[in-house]
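What follows is a set of notes on a single structure, which appears directly below.
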Amino acid sequence: MTDTISLVLIDDNRLLREGLTRLIREQPGFLILAASADIDEALQKVREAKPTVVLLDFSLENDDSLRVTATVHKEVPAAKVIVMGLLPLQEDVADFVTAGAAGFIMKDATFDEFIRTIRLVAAGEQVLPRELTGSLFSQIARIAVRRGKPRELESIGLTARERQVVDLISEGLSNKEIAARLHIAIHTVKSHVHNVLEKLALHTRLEVAAFTRGLTQPNPDEPDDDLDDD
């Protein structure tokens, strides 16, 4: 039983809640601890039982899904939150990721995909909607900049110096100009640019400038000579 995945399901659609509960219970290695539409009741169960995974409906009444995600992440960090039924809107995904969600199950997912997502998240993986895989962190960064929330940029892993480089790239400065402004070597600037591109899942410095200004990203297939720019 050490590999059993324990679950708490929070969904205010009774038909869906009972149907999912029945189907999950038929799968080996799963244990449903609670299935409820009552948020306070479900959260109390999460606190007491500390499940492996919390399955959470995206569209709870009164927009409580985001609050529940943040509460679980803060109070029972070992419990991984999977948001169900999420529409692929970048701001919604970004909000839930920064609140602590570990996975998403789209409303058109098959039951096999549903079970696979639960297993992956329980094993410590982060599962994102296919539509956003590979670009999510750049979207979060763009939203964070637009909203003026540097703490969200920190959560992505940018250092203070890397954030300075991002700001100067958005002003249109070359590597040589950034080096002069920050009083550091050009090769150090190139290293920071390389790290920024990797962390934000971007391809060129033009894309960095684009998301800081809220513009459409350029074609990622364009050649990138960032690290050779003087």
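Looking only at the range 58-68, filter to residues that are hydrophobic (A, V, I, L, M, F, W, C) and in a helix (DSSP H, G or I); which one of those is modelled with the highest pLDDT?
68
Quick test for you: out of 38, 95, 64, 12, pick the one residue that is closer than 22 Å to residue 111 by Cβ, assigned by TED's automatic domain parsing to the domain that holds residue 112 and charged (D, E, K, R).
Step by step, each of 38, 95, 64, 12 is checked, and only 12 is closer than 22 Å to residue 111 by Cβ, assigned by TED's automatic domain parsing to the domain that holds residue 112 and charged (D, E, K, R).
Go over the candidates 22, 47 one by one and state the one that is out of contact with any helix residue (DSSP H, G or I) (no Cβ under 9 Å at 6 or more places or on another chain) and either surrounded by fewer than 16 Cβ atoms within 10 Å (Cβ to Cβ) or not aliphatic (A, V, I, L, M) (or both).
Exactly one residue qualifies, and that residue is 22.
Kindly indicate whether any position in the range 128-137 is among the hydroxyl-bearing types (Ser, Thr, Tyr), surrounded by fewer than 16 Cβ atoms within 10 Å (Cβ to Cβ) and at pLDDT 80 or above.
Scanning the range 128-137, I find no residue that is among the hydroxyl-bearing types (Ser, Thr, Tyr), surrounded by fewer than 16 Cβ atoms within 10 Å (Cβ to Cβ) and at pLDDT 80 or above, so the answer is no.
Here's the yes/no breakdown for (1) under 22 Å from the mean Cα position of the chain (by Cα); (2) not polar (S, T, N, Q):
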| position | (1), (2) |
| --- | --- |
| 6 | no, no |
| 20 | no, yes |
| 28 | no, yes |
| 32 | no, yes |
| 39 | no, yes |
| 54 | yes, yes |
| 65 | yes, no |
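Kindly check whether there is at least one residue in the range 172-185 that is out of contact with any strand residue (DSSP E or B) (no Cβ under 6 Å at 6 or more places or on another chain), at pLDDT below 85 and either surrounded by 15 or more Cβ atoms within 10 Å (Cβ to Cβ) or not hydroxyl-bearing (Ser, Thr, Tyr) (or both).
Yes: one or more hits.
Among the residues of the range 69-80, are any touching a Leu at 6+ places or on another chain (Cβ under 9 Å), surrounded by fewer than 21 Cβ atoms within 10 Å (Cβ to Cβ), at pLDDT 90 or above and of a type in the set (Asp, Glu)?
yes
Would you list the strands (runs of 3 or more DSSP E) that sit entirely within the range 1-57 and hold 2 or more residues that are among the small types (Gly, Ala, Ser)?
The qualifying strands (runs of 3 or more DSSP E) are 30-36.
The values are calculated or read from the model by the stated rules, or taken from the named source; none is laboratory data. Just so we're clear, the structure is a prediction, and the values are computed from it rather than from any experiment. Backbone-built Cβ (ideal geometry, glycine too); neighbour counts: all protein chains shown.
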